[in-house]
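Please treat every number below as a calculation from the coordinates, not as lab data. Being a predicted model, the structure only gives us computed values, none of them experimental. Every residue, glycine as well, gets a Cβ built from its backbone with ideal geometry; the counts of neighbours run over all protein chains shown.
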Amino acid sequence: MDHFLYKDGQLQAEDVAIAEIAATVGTPFYVYSTATLVRHFQLFDDALDGLPHLVCFAMKSLSNQAVIKVLAEAGAGMDVVSGGEYARVKAAGVPGDRIVFSGVGKTADEMRMALTGGIRQFNVESEPEMQVLSRVATELGVEAPITIRVNPDVDAKTHAKIATGKSENKFGIPISRAREVYAMAAALPGLKIIGIDVHIGSQLTDLTPFELAYQKVAELTEQLRADGHTIDRLDLGGGLGIPYSTSNQAPPLPSDYGALIKRTVGHLGCEIEIEPGRMISGNAGLMVSEVIYVKDGEDRQFLIIDAAMNDLIRPAMYDAHHDIVPVVEAEPGTDKATYDIVGPVCESGDTFAKGRDLPKVQAGDLVAFRSAGAYGAVMASEYNSRPLIPEVLVHEDQFAVIRARPTFDEMIARDTLPSWM
């Protein structure tokens, strides 16, 4: 469910008309619904009711300060994967004991930042990382709380570029070597083992891979406890998918996912962490664009819009689907046309959809890309010297720009000419 619905023929974000936002901030832009963000977080929180737990938002999916603050005030922790993300969540007022630091390439400087600023845990991904963290923590005279990320060699059956739990992926240590690596961690100074971490991929639409992975984690928990390690916390990652098209079968519900967690690891007496990103933010956002031209090609019509691949790269990068709808609702019986929907960037890859049927549109009309809240704004760039597009947050009948569009002068001013020029 989201809060982007037609009212009196106009697409709205909660109680604000999309056309009103477009008239104020210009196009293209991203718009997020506070009510949807909070609702989706609450669904996960409710799904784990009865277990000690923390739902940590995977902020790599959407990292705007205002969004972080909305979710933190709702009770979410944060999952970060870089020093920059750590700085962002701290700036938004999230305390260190609600921040989990993941990622395969943490640097000594990032470790130092988190240890001095406060951290719930590091999800350690390799023996070399573990050794560096031990050194940094010892230099600072502190203990670094750690889980170790195990790779369970489970096929998540998702897109190859977002699968993380197979033996060929770069993430974690092979689960077959876990006991050896935990023994190594226990012998290193400055480290405090608190649990196990696992994450097998993103946009999963079937619970079976989760079940296979969590069963392996449950077995490993018993083995590590028998070896004398303290395993009080299980970080089970995120990855539950969303429906990108109304024609697709809906993925499992958070309640189903929560029931699976209780069934597979609930008996272990561990605190549970999960790290959903896309499922919280994906359907909480739209990207809105204006039609520039309708162009007749040899055997097709092109709908040329003012958004481009630099604004939303998922279709170019992952062949991803987004439902695209007119901001003004089509009257019943309105003729449809088939379009290739493209942007103005000088790349053939700047294509959002091919052969897409839409109610007929014309230059000046607004269209909205649904399910654009996750991995949209955060992956945007200024390719072709196109400014990053605004982000807007809606709360009931109010809206605010939470990231402004830079001017050309502001973009150019970031460049510096060397002294010899």
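Observations
- Sorting 62-68, 368-374 by their mean Cβ neighbour count within 10 Å, with the most densely packed peptide first, gives 368-374, 62-68.
- Three-way shape label, the stretch 34-281, alpha-carbon gyration tensor, a/c 1.5: oblate
- For Met411, Met421, the sequence from fewest to most other C-beta atoms within 10 Å is Met421, Met411.
- In the chain, the DSSP beta bridges split such that about 50 percent are antiparallel, to the nearest 5.
- Under 5 Å from the amide H of Ile402 lie the amide H atoms of Glu391, Val392, Leu393, each residue being 5 or more positions distant or on a separate chain, with H modelled from the backbone and absent for Pro and chain starts.
- Cβ-derived FRET efficiency at R0 51 Å, Arg263 paired with Ala400, nearest 0.05: 0.75
- Restraint check, Lys7/Lys360; Lys7/Lys60; Lys7/Lys295; Lys60/Lys262, Cα-Cα greater than 25 Å: Lys7/Lys60; Lys7/Lys295; Lys60/Lys262
- Lys, Arg +1 and Asp, Glu -1 on Cβ, resulting dipole of the chain about Cα centre, debye, nearest 20: 880
- Note, ³J(HN,Hα) from phi for the stretch 298-303, Karplus 6.51, -1.76, 1.60, rounded to Hz, x at Gly and Pro: 4, 9, 7, 9, 9, 9
- Residue by residue, the stretch 368-385 carries 3J(HN,Hα) couplings of 10, 8, 7, 6, 10, x, 9, 6, x, 4, 5, 9, 6, 9, 10, 3, 6, 6 Hz when phi is fed to the Karplus relation 6.51 cos²θ - 1.76 cosθ + 1.60 (θ = phi - 60°); x denotes Gly or Pro.
- Acute angle (nearest 10 degrees) that the helix 178-187 long axis makes with the longest principal axis of the chain, alpha-carbon atoms: 70
- For the stretch 43-118, the Kirkwood hydrodynamic radius comes to 12.7 Å, computed from all pairs of different C-alpha atoms.
- Remark: spin-label model distance Ser255-Arg179 equals 4.1 nm, labels positioned 7 Å along the Cα→Cβ axis.
- Rounded to 0.05, the FRET efficiency of the Met421 and Ala320 pair, given R0 = 51 Å and the Cβ-Cβ distance, is 0.75.
- Gyration tensor (alpha-carbon) shape descriptor, the stretch 1-50, a/c threshold 1.5: prolate
- Cα-based shape type of the stretch 215-357, given that a ≥ b ≥ c are square roots of the gyration tensor eigenvalues and the cut on a/c is 1.5: prolate
- Convex hull volume of the chain per residue (C-alpha atoms, cubic angstrom): 166
- Reachable aspartates and glutamates, given that their alpha-carbon falls under 13 Å from the alpha-carbon of Lys354 and they are not under 8 places away in the same chain: Asp299, Asp319, Asp323, Asp340
- Proximity of backbone amide H atoms, modeled 1.01 Å from N, is registered between Gly277 and Ala58, Gly239 at under 5 Å, excluding neighbours fewer than 5 places apart on the same chain.
- Built amide H within the under 5 Å cut-off of Phe352, gap 5+: Ile341, Val342, Gly343
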